[in-house]
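The values are calculated or read from the model by the stated rules, or taken from the named source; none is laboratory data. Because the structure is a prediction, the values reported are computed rather than measured. Methodologically, a virtual Cβ is constructed for each residue, glycine included, from the backbone with ideal geometry; neighbour enumeration extends over all protein chains shown.
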Amino acid sequence: MVRPASVLVPRPAGLYCPPADLYIDPITPVDRAVITHGHADHARPGHGAVAATPQTLAIMAERYGADFAGSVQPLAYGETFTRDGVEITLHPAGHVLGSAQAAIRYRGLTLVVSGDYKRRRDPTCAPFEPVPCHVFVTEATFGLPVFRHPPAEVEIARLLAARAEAPGRAVLVGAYALGKAQRLIALLRQAGHEAPIAVHGALERLNALYARFGVELGPLEPVSGLSREALAGVISLAPPGALTTPWRRRFPDPLTAVASGWMGVRARARQRGVELPLIVSDHADWDELTATLAELRPEEVWITHGREEALLRWCELHGQKARALAMVGYDEEGE
Amino acid sequence: MSLSAFAALLDRLAFTPSRRGKLALLQAHFAATPDPDRGYALAALTGALDFPHVKAQAIRRAAEARVDPALFAWSYDFVGDLAETAALIWPAPNAAPNPAPGAVTGAATPALSEVVEALAGSGRGEAQARVEAWLDRLDATGRWALLKLITGGLRVGVSAALARQALAQLGGIEATAVEEIWAGLRPPYLDLFAWLEGRGAPPRAEAPGRFRPVMLAQPLDETRDLASLRPEDYAAEWKWDGIRVQVVSEGGRREIYSRTGDAISGAFPDLLDALAFEGVIDGELLVLREGRAGTFAELQTRLNRKVPSRALMADRPAGLRAYDILADETGDLRGLAFAERRVRLERLLTGRTCARLDLSPLVPFTSWRDLAALRGAPPEGEAAKAEGLMLKRWDAPYLAGRPRGPWFKWKRDPFLIDAVLLYAQRGHGKRSSYYSDFTFGVWTQSPGGGRVLAPVGKAYFGFTDAELKALDAFVREHTEARFGPLRQVRATPDFGLVLEVAFEGLQRSSRHKAGLAMRFPRIHRIRWDKPAGEADDLASLHALLARIERGPSAGVPAP
Ligand SMILES: [Zn+2]
Ligand SMILES: [Zn+2]
């Protein structure tokens, strides 16, 4: 049997598959790429041929324009394409709309590149699908046992309670524009919040895209269309970076919330001047990471980036063979 | 009410920056939480609880045993707080990735009162076992709150004074009424809450050695107040540049309290030794050498030490300059007029003044004009070191709080300089989208001979909302460089923004590059009109510092 290390090789541009001559999530332009999902550090413009889910391709076109790649190949979940004897199938990763794990099968060997993933329920995307494999390639953004995200529903309840307590204040929530924002809106709807939600201009196009793919987001209004008075008591969503710009001044006495896995650490939340930290993440937390490895029991675990030393230690303690790839260029600080 | 409610309160308090927001959270908690849990919450917030049998290191070892010492160490490195690390890392009993919402706050969560009462009655080993059992039943916020509670130091930005303000709001009364009885109260404060809710009589406040709420002065508005006040109704005193304290010596108990009621006795044993009288005196804590007051900077070194060394006490001896009396061996004097209290104070101090304790003299005057002249040019000596004058109505009783009319403070005019804006940083809370913290500098000679700006201070108030907008726009338009949250603003002799800065004093400082530090700097005026090259220079600031050190009679205030 062929060795896994000859089927997938970490290179500066990304994970490279020599027999098929393609990269997974390359960070610089390459001839052929498989893209796991639409976040900017995984999906970059300028590649020759790109294979990805139809949702991911749509997200890339929305962000970078229709000519973001030389050619595109939409691959639905479960669909396989073959190149030089390498079979590639995409499976749901549960991270954001269209996010996929890439299963690479070659001469009896299966390697799964999971991209970013989570195991929680998420009303805006298909749930993670465990794929039996010889090698499981995982990230470790929240790879420390202190990262234990509470149920997102509990965090949404805290947000709604804070809003009810302060009726005169605008509720301003910082959330990553792709995935996190739409998930928060969907969770708010599930919690019974039916009022219009105001959104920053940077979110509008992705919200519309989600709606086109059938994700129900309810009534949304652009913040720019609302007066200062009208924003009181309204939940407004914006990219986290907008919270400290002059844009913020249009809100009456804003209560600032940020939804991120990093909010679980108080010093991190305080550093950013957040009044209501919401621990909502689209990445697997420690329990999800370790439960996934325990469930799959692959022959080898490869860790792309994040806090690999702690996850390696866990693997050592649990008799799981593992190695760190120490890949750079994947930045989950904005998660 | 479970510990979860207390945990949620701590969590919100920790992230709520504004005083108003904190008060609302506290008041809502006290209103919604039953006895005795709310009383224990109050005790925890005001530092009235102590759990000597639970040690942070034992908690750490218990967490390491459940996870792994290496994983714990990496986590602690990242989180930076032991209690928080242990709380986050502690394995949840049913760590399923998708627990049903609400499952985390099950009926098994202990009540705060259960925790406090059980720990009070436990020995060391038993207490540790109890804590571990609770940790197994709580969610992460609950675990954090429990560990913060028992290892001390909640650090959620709530002082005892703020908690008392929230209690006063709950009862619809003045905070001073709560302060008055505070010293006699004990957790879980059932009598206090009964009184606040109109279900009981005020708790008695007879505890000897207790703090009495202080009387504060209003700033004097010269044009409005002096026209309506009669000089013969008021006594005048110098306003000393120390800190306001209340010293108590009653029934064998001696205490020194800050004006908010925090006991600071431990830091001033030299003064404590000198309180050989029976009574309660209001006065100024100063460094006192042979009847002469030291600088505020000297006092600061004493305030920074919880327990002073012998050498520090010898070098910077603390003393009290007395100006009012609230009680003597005959009882409470606060109902008496100031004139009568002054007689009692002088009587009490007769034969008792010493190097550590003296009397703040009255300043005789007949007209406001006389007094204004004295304020502008105080006589040489001690008066020259005062911050200004205090006016006290002869016939006014000692009233807690800040009543309008009986007491005024009439500060001397601030010093003013023209400085150039150098750096700006974003503010906090409401101001987080504005560049509102400003560093400014004055001209000096660079080693190469050119004119450069030396930073001399920082100011973040003194301007109106409209001025803040204009300053913010100036910073954004003229940013030269960014260093994280800090922006460097263009400032050359030909281009820059001149700020007229007001400040209360100058101190020599080896920590600052310019060799001096300003007290209470604020932006007095924005000089859009003034060329940056015409701002003040460092040499003139040092000359001013030298004049201040000699006393203002050697020079006039504003340069
Ligand atoms: Zn991602
Ligand atoms: Zn990523």
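For region A:253-270, taking the residues that are at pLDDT 95 or above and closer than 21 Å to A:Glu165 by Cα, the one that is farthest from the other protein chains (Cβ to nearest Cβ) is identified as A:Ala259. Here the condition is being among the acidic types (Asp, Glu) and more than 12 Å from every other protein chain (Cβ to nearest Cβ); of A:Glu221, A:Glu288, it holds for A:Glu221 alone. Criterion applied to B:Gly462, B:Gly457, B:Gly441 was being surrounded by 18 or more Cβ atoms within 10 Å (Cβ to Cβ) and under 15 Å from B:Leu545 (Cα atoms), and the one residue passing it is B:Gly457. Within region B:490-532, the residues that satisfy the criterion of being among the small types (Gly, Ala, Ser) and assigned to a strand (DSSP E or B) are B:Ala502, B:Gly505, B:Ala517.
Restrict the check to region A:155-163 and report whether at least one residue is crowded, with 18+ Cβ neighbours inside 10 Å, closer than 19 Å to A:Arg119 by Cα, more than 16 Å from ligand 1 (Cβ to nearest atom) and within 14 Å of another protein chain (Cβ to nearest Cβ). Yes, because at least one residue in region A:155-163 is crowded, with 18+ Cβ neighbours inside 10 Å, closer than 19 Å to A:Arg119 by Cα, more than 16 Å from ligand 1 (Cβ to nearest atom) and within 14 Å of another protein chain (Cβ to nearest Cβ). Does region A:126-139 contain any residue that is closer than 18 Å to A:Leu226 by Cβ and more than 14 Å from chain B (Cβ to nearest Cβ)? Checking region A:126-139: not a single residue is closer than 18 Å to A:Leu226 by Cβ and more than 14 Å from chain B (Cβ to nearest Cβ). Restricting attention to region B:514-522, does a residue exist that is modelled with pLDDT under 90, under 32 Å from the mean Cα position of the chain (by Cα) and within 25 Å of B:Ala293 (Cα to Cα)? The answer is yes, given that some residue of region B:514-522 is modelled with pLDDT under 90, under 32 Å from the mean Cα position of the chain (by Cα) and within 25 Å of B:Ala293 (Cα to Cα). Anything in region B:360-389 that is within 26 Å of the chain's Cα centre (by Cα), under 19 Å from B:Leu320 (Cβ atoms) and not in a helix (DSSP H, G or I)? List them, or say none. Matches in region B:360-389: B:Ser360, B:Ala386, B:Glu387. The requirement of being within 16 Å of ligand 1 (Cβ to nearest atom) and among the β-branched types (Val, Ile, Thr) is not satisfied by A:Thr80. Can you find a residue that is in a loop (DSSP other than H, G, I, E, B), under 24 Å from B:Arg253 (Cβ atoms) and free of Cβ contacts under 8 Å to residues at least 12 places away in the same chain anywhere in region B:293-308? Among the residues of region B:293-308, not one is in a loop (DSSP other than H, G, I, E, B), under 24 Å from B:Arg253 (Cβ atoms) and free of Cβ contacts under 8 Å to residues at least 12 places away in the same chain, which makes the answer no. Looking only at residues in region B:56-88 that are in a helix (DSSP H, G or I) and of a type in the set (Asp, Glu), the one that is farthest from the other protein chains (Cβ to nearest Cβ) is B:Glu64.
Report yes if A:Gly115 is within 16 Å of ligand 1 (Cβ to nearest atom), in the same structural domain as A:Thr290 (by TED's automatic domain parsing) and over 30 Å from B:Ala5 (Cβ atoms), otherwise no. Yes; evaluated as a whole, the condition is true for this residue. For A:His283, the conditions (1) within 16 Å of ligand 1 (Cβ to nearest atom); (2) within 20 Å of B:Ala73 (Cβ to Cβ) are fulfilled apart from (2). Is it true that A:Gln73 is modelled with pLDDT of 95 or more, under 18 Å from A:Pro26 (Cβ atoms) and away from ligand 1 (no atom under 16 Å from the Cβ)? Yes; evaluated as a whole, the condition is true for this residue. When we screen A:Gly329, A:Gly261, A:Gly334, A:Gly306 for residues that are under 18 Å from B:Thr85 (Cβ atoms) and within 16 Å of ligand 1 (Cβ to nearest atom), the only hit is A:Gly261. Does region A:47-54 contain at least one residue that is surrounded by fewer than 18 Cβ atoms within 10 Å (Cβ to Cβ) and within 20 Å of A:Thr138 (Cα to Cα)? No: region A:47-54 contains no residue that is surrounded by fewer than 18 Cβ atoms within 10 Å (Cβ to Cβ) and within 20 Å of A:Thr138 (Cα to Cα).
Consider region A:172-188. How many of its residues are surrounded by fewer than 24 Cβ atoms within 10 Å (Cβ to Cβ) and without any contact (Cβ under 8 Å) to a residue 60 or more places away in the chain? Residues meeting the conditions: 1.
Report yes if A:Glu308 is within 14 Å of another protein chain (Cβ to nearest Cβ), within 16 Å of ligand 2 (Cβ to nearest atom), of a type in the set (Asp, Glu) and out of contact with any Leu (no Cβ under 7 Å at 6 or more places or on another chain), otherwise no. Spelling it out, A:Glu308 is indeed within 14 Å of another protein chain (Cβ to nearest Cβ), within 16 Å of ligand 2 (Cβ to nearest atom), of a type in the set (Asp, Glu) and out of contact with any Leu (no Cβ under 7 Å at 6 or more places or on another chain).
Here are some residues: A:Arg323, A:Arg250. Which one is of a type in the set (Lys, Arg) and either within 11 Å of another protein chain (Cβ to nearest Cβ) or within 22 Å of the chain's Cα centre (by Cα) (or both)? Of the residues listed, the single one that is of a type in the set (Lys, Arg) and either within 11 Å of another protein chain (Cβ to nearest Cβ) or within 22 Å of the chain's Cα centre (by Cα) (or both) is A:Arg250. The residue of region A:271-284 that is nearest to ligand 2 (Cβ to nearest atom), among those that are more than 8 Å from chain B (Cβ to nearest Cβ) and at pLDDT 95 or above, is A:His283.
Could you tell me which residue of region B:12-32 is farthest from A:Leu160 (Cα to Cα), considering only residues that are free of Cβ contacts under 8 Å to residues at least 60 places away in the same chain, more than 9 Å from chain A (Cβ to nearest Cβ) and surrounded by fewer than 21 Cβ atoms within 10 Å (Cβ to Cβ)? Only one residue tops the list, namely B:Arg20. Please enumerate the residues belonging to region A:224-247 that are more than 10 Å from chain B (Cβ to nearest Cβ) and of a type in the set (Gly, Ala, Ser). Passing the criteria: A:Ser224, A:Gly225, A:Ser227, A:Ala230, A:Ala232, A:Gly233, A:Ser236, A:Ala238, A:Gly241.
When B:Arg210, B:Arg244 are screened for being in a loop (DSSP other than H, G, I, E, B), on the phi < 0 side of the Ramachandran plot and without any contact (Cβ under 8 Å) to a residue 60 or more places away in the chain, only B:Arg210 passes.
Answer yes or no as to whether B:Ala83 is over 31 Å from the mean Cα position of the chain (by Cα) and of a type in the set (A, V, I, L, M). Criteria not met by B:Ala83.
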